[in-house]
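Let me begin by presenting the structure, written as structure tokens, before commenting on it.
The values are calculated or read from the model by the stated rules, or taken from the named source; none is laboratory data. Because the structure is predicted, anything quoted here is derived from the model rather than measured. All Cβ positions, even for glycine, are placed from backbone atoms using ideal geometry, and neighbour counts span all protein chains on display. Keep in mind that these areas ignore ligands, DNA and RNA; they rest on the heavy atoms of the full protein, side chains included. Shrake-Rupley method; radii C 1.70, N 1.55, O 1.52, S 1.80 Å.
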Amino acid sequence: MSEQPVATRRRQSQHTGQLRRIPSQQRGRERFEKILAVASKLIESHGSDSLKMSEIVEKAGLSFGALYQYFPDKTSIIRTLAERFNEEGRRCVEAELAKVADPASLQGALATIVDEYYAFFRREPVMRDIWHATHTDKLLQQVDAEDMEFHAQAFLAVLVHLWPDRDRKALLAIARLTMQLLAAAVRYAVSLDTEEGAQAVALFKKMQFADIDRLLQ
């Protein structure tokens, strides 16, 4: 078996899913954003599994050197896109949980979060694909785990405020499981057609609220 060229072996050893650097100059930022825009279009058309660095170079009109200056591999591109989408989701969750003043408004906030996440993934096919990738790629699983923990901690803060006398570990368990179930329900709902997906979301909200009410009584 012939050996790979040294340069190729070195590049592959650096595949960590992390950015090499974030540009600070205007020209670099424009190039950075162009890479992400091209990658998004390719993912929407063919899926993240089929994303190739060579195709990004061709479609973006860049050299490999310009691409690898920021992204060492396609995982780093997918990770960057995932983190951007996650930031949007975090803003939604924070905004809704900030409105919670009592147990009754907690249900309304969770209902809105479920509805907005479902609508978001319906209108963003790229994010649906990337969300799947974060669950099948070990390097990207960390991104999803960190995002889920953020949501769990935000929800925990609300539970502690509403039920200060309850055991914090028990509330944390409720917060983590609630957010995991919410994500799983939305993921399932977007795999269905529009009508069935909406029905699944409505059913999940009824089940979730009943379960939380029993746990927190």
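Observations on the model:
- Counted residues, the range 106-121 - those being within 13 Å of LEU159 (Cβ to Cβ) and small (Gly, Ala, Ser): 1
- For beta carbons closer than 6 Å, sequence separation of 6+ or different chains, a first residue in the range 61-89 that is closer than 15 Å to ALA39 by Cα and without any contact (Cβ under 8 Å) to a residue 60 or more places away in the chain and a second that is part of a loop (DSSP other than H, G, I, E, B) and among the basic types (Lys, Arg), the qualifying pairs are TYR70/ARG20.
- Enumeration of residues in the range 185-212 that are open to solvent by less than 80 Å² (accessible area, probe 1.4 Å), part of a helix (DSSP H, G or I), out of contact with any Phe, Trp or Tyr (no Cβ under 9 Å at 6 or more places or on another chain) and without any contact (Cβ under 8 Å) to a residue 24 or more places away in the chain: ALA202, ALA210, ASP211
- In the range 98-130, the residues that are among the aromatic types (Phe, Trp, Tyr) and not in a helix (DSSP H, G or I): none
- Within the range 112-140, residues that are open to solvent by 40 Å² or more (accessible area, probe 1.4 Å) have Cβ atoms under 6 Å from residues that are part of a helix (DSSP H, G or I) and among the aromatic types (Phe, Trp, Tyr) in these pairs: ARG128/PHE121, counting only partners at least 6 apart in sequence or on another chain.
- So ALA157, is it of a type in the set (Gly, Ala, Ser), part of a helix (DSSP H, G or I) and more than 17 Å from LEU182 (Cβ to Cβ): no
- Consider the range 65-107 and keep the residues that are open to solvent by 20 Å² or more (accessible area, probe 1.4 Å) and of a type in the set (Phe, Trp, Tyr). The one that is nearest to TYR118 (Cα to Cα) is PHE85.
- Hey, GLU55 part of a helix (DSSP H, G or I), over 23 Å from the mean Cα position of the chain (by Cα) and modelled with pLDDT of 95 or more or not: yes
- Checked across the range 7-20, the condition of being closer than 23 Å to THR134 by Cβ, modelled with pLDDT of 90 or more and in a helix (DSSP H, G or I) holds for no residue.
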